[in-house]
Amino acid sequence: MLPTVAEVIRLPVFAEGRPEVLAGADKLDSSVRWVHIAPVAGVGRLLAGEELLLSTGIGWPAEEGQLLAYISELNDARISALVLELGQRYTEAPEAVVRACARLGLPFIVLHREVRFVAVTEVVHALIISSQMAELRERNEMHELFTDLTRRGASPDYVVSQAARLLKAPVVLEDLNHHVVTWEALTWEPGELLAGWEKRSRSAAQQATPGASAGTHWWPAENWLITRVEARGQYWGNLVALLDAAPTTVTRASSARTSLAETVLERVAVTVSLGRIAERGADDWLRLSQTRMMATVLEGRYTTTAALEAILEARGFRVRDRLFAGLAIHVPGHVPGHVPGHVPGHVPGHVPGHVAGQPVPEIVERLRERAHAAGYDLISSTPRERPYPTVLAMLSLPHLAPLSPARLADADAAIDLLCGAVVNSGLVLNTGPVLNSGPVLNSGPVLNSGPVLNSATPAPVFAAGPVVADLADLPRSLADAADVIATIPREQSTPDGSGTRVHRPPAAALAVLIGDPSLDPSVQRFVESTLGRILKYDADNDGDLLNVLRAYVANPTNRTNAAKACHLSRSVFYQRLEVIEELLGIDLADGRSIATLHAAILAHARI
């Protein structure tokens with residue numbers, strides 16, 4: 001980066017002259033590209049801009065009008081500053097020159113002691129050359145970095161973080177709807193950085209002026225540098241560097257540094273564009289942004305609820321006058337670790353895997369489509385730490401004040417319908433405010449678009465946390481949904497949407513208390529001592545006693561329903577129960593035995 005006028009006059013060789021700034025003090029951050037000794041007037045036509053001129057004033061015009069014309073000529077040549085050494089021609093600065101420079105905003109500096117101009121030029125030129133060499137090295141390092149990132153297929157969020165590190169300023173990647181995809185805030189609070197993002201970004205799009213290249217624009221209102229992310233005629237979004245958000249970053253006045261910032265941002269845009277082409281997935285940015293938003297909520301990456309509101313709204317997730325709920329979906333039949341169609345550059349946190357007949361991303365897309373059709377906002381992701389394929393989702397639903405228990409019940413019913421519509425494409429959702437009279441099945445658009453679930457494929461299993469009106473309670477609702485889904489046996493599902501059930505926390509309180517049996521040997525020993533004989537019998541005889549027992553403890557007072565749940569006749573079901581009682585040596589009519597078996601079955605489902 002070129003030295004500024006302020007940096008030059010602080011150099012020891014310059015400070016010997018006791019410099020005094022008489023005009024243009026607010027422009028001392030202007031860059032100095034070169035230093036010239038100009039003893040006479042009429043040199044303006046020979047200058048290229050950003051020069052610092054040294055003069056004793058000997059050759060200056062004596063007539064005031066000509067002197068002012070000379071000052072105007074220097075200003076038109078875009079010099080960085082004019083320095084006058086007092087003593088030979090002037091004992092004090094000409095008042096007309098001071099007034100003219102102040103009016104033009106041209107830095108005017110006088111030296112009260114004699115200095116060796118040649119020494120000044122040598123020192124400053126060495127500094128300029130050194131800075132230019134440093135800039136060349138920086139550009140080369142930048143080129144090598146982003147070439148390597150492109151070759152390795154680095155994810156957009158990592159590329160954006162590297163751009164922010166180089167620019168020493170926050171960088172945001174947004175889509176065409178001005179919704180945030182990912183960001184690097186550096187030391188800034190993300191909620192403050194992203195507050196009112198869509199409105200600010202749309203203003204920038206209208207007011208920005210062209211930069212040095214066709215794809216880059218400058219928004220002076222907030223000092224944003226904006227570069228388009230595009231390739232092969234496709235335009236996907238923008239990269240935004242908030243240069244005024246970093247005190248160490250120079251302003252627009254420093255054209256050399258701004259040029260470097262434009263170069264960096266344009267190179268980042270190329271890297272992101274090539275990554276987008278390589279992924280060949282229109283949902284790549286969507287999954288990335290939703291993963292980032294979900295991590296923000298689950299890991300508490302915000303300082304206040306207001307900051308969380310700003311972050312979620314930047315993604316287009318509405319938070320004003322809304323109700324919220326956490327949702328978890330388990331997709332049976334997934335093969336852990338199997339990711340067909342995987343391509344280099346796969347973004348960590350993407351919804352992975354494939355279900356027998358139903359890829360997990362298709363389930364998520366179906367959920368998103370139906371939520372959107374009903375007027376809900378949804379953010380979903382598949383956290384890596386989940387033990388088996390679980391999709392977590394945050395829902396934002398509209399509501400009408402005043403809030404009441406009945407309206408919360410309506411919201412629960414709306415979520416039930418949404419989950420049913422994911423499985424059964426024939427269901428219909430209400431598209432109006434869902435909590436005035438409850439969701440209905442006879443109005444609104446038919447949600448029958450997208451692939452139909454294979455009837456031979458186990459349907460997704462759903463769990464929902466409590467509906468809340470305060471965004472601060474959404475993380476707890478998400479956690480409740482995740483805890484509940486982990487208590488549900490992996491194979492428990494229905495082949496179609498007719499009987500879709502959304503599990504909720506009250507029905508899973510015992511399982512939540514059990515905790516994670518995979519981490520507790522005592523719980524594992526309890527499961528083995530309680531169910532070991534049943535498990536061995538099923539393994540040796542290809543039996544179904546565990547399924548029978550599970551149905552029985554779920555319906556202890558209605559054996560007919562339990563038999564239906566197992567798809568067995570009552571007589572065969574009773575025979576199975578007799579075998580269980582004989583193997584375990586217990587009475588299945590005893591309440592304590594049923595409670596013990598229920599706890600063991602719930603724990604076994606999570607091992």
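Close Cβ contacts (under 6 Å, 6 or more residues apart or on different chains) running from residues in segment 284-303 that are closer than 17 Å to residue 188 by Cα to residues that are surrounded by fewer than 20 Cβ atoms within 10 Å (Cβ to Cβ) comprise 303/189. Checking each residue in segment 543-561 for being surrounded by 15 or more Cβ atoms within 10 Å (Cβ to Cβ) and either aromatic (Phe, Trp, Tyr) or over 18 Å from residue 599 (Cβ atoms) (or both) picks out 543, 544, 552, 559. Being open to solvent by 50 Å² or more (accessible area, probe 1.4 Å), without any contact (Cβ under 8 Å) to a residue 24 or more places away in the chain and not aromatic (Phe, Trp, Tyr) is a property that does not hold for residue 593.
Given segment 123-212, what helices (runs of 4 or more DSSP H) lie entirely inside it while holding 1 or more residues that are within 18 Å of residue 238 (Cβ to Cβ), in contact with a helix residue (DSSP H, G or I) (Cβ under 6 Å, 6 or more places away or on another chain) and of a type in the set (Phe, Trp, Tyr)?
197-207
When the residues of segment 213-232 are filtered to those that are of a type in the set (D, E, K, R) and in a loop (DSSP other than H, G, I, E, B), which remaining residue is farthest from residue 285 (Cα to Cα)? Among those residues, the one meeting the criterion is 222. Candidates 439, 466, 458: the one that is in a loop (DSSP other than H, G, I, E, B) and modelled with pLDDT of 70 or more is 466.
Of all residues in segment 296-303, at least one satisfies being part of a helix (DSSP H, G or I), open to solvent by less than 50 Å² (accessible area, probe 1.4 Å), at pLDDT 85 or above and more than 30 Å from residue 107 (Cβ to Cβ). When 347, 351, 339 are screened for being open to solvent by less than 10 Å² (accessible area, probe 1.4 Å), at pLDDT below 90 and assigned to a loop (DSSP other than H, G, I, E, B), only 347 passes.
Among the residues of segment 310-330, those that are crowded, with 20+ Cβ neighbours inside 10 Å and under 22 Å from residue 157 (Cβ atoms) comprise 310, 311, 312, 313, 314, 315, 317. In segment 162-170, the count of residues that are open to solvent by 70 Å² or more (accessible area, probe 1.4 Å), closer than 23 Å to residue 138 by Cα and free of Cβ contacts under 8 Å to residues at least 40 places away in the same chain is one or more. The numbered conditions (1) over 53 Å from the mean Cα position of the chain (by Cα); (2) over 23 Å from residue 528 (Cβ atoms); (3) in a helix (DSSP H, G or I) are all true for residue 579 except (2).
Applying the set (1) within 25 Å of residue 286 (Cβ to Cβ); (2) without any contact (Cβ under 8 Å) to a residue 12 or more places away in the chain to residue 147 leaves exactly one unmet item: (1). Among what's in segment 14-27 and is open to solvent by 30 Å² or more (accessible area, probe 1.4 Å) and touching a helix residue (DSSP H, G or I) at 6+ places or on another chain (Cβ under 6 Å), pick the residue that is nearest to residue 79 (Cα to Cα). Once the filter is applied, the top-ranked residue is 22. Among the residues of segment 1-13, those identified as surrounded by fewer than 20 Cβ atoms within 10 Å (Cβ to Cβ), in contact with a Leu (Cβ under 9 Å, 6 or more places away or on another chain) and closer than 23 Å to residue 93 by Cβ are 6, 7, 11. Checked against the criterion of being at pLDDT below 95 and over 25 Å from residue 33 (Cβ atoms), segment 241-248 has at least one qualifying residue.
The values are calculated or read from the model by the stated rules, or taken from the named source; none is laboratory data. Not measured: the values here are computed from a predicted model. All Cβ positions, even for glycine, are placed from backbone atoms using ideal geometry, and neighbour counts span all protein chains on display. Side chains are part of the model used for accessible areas, which takes the heavy atoms of the whole protein and leaves out ligands, DNA and RNA. Shrake-Rupley method; radii C 1.70, N 1.55, O 1.52, S 1.80 Å.
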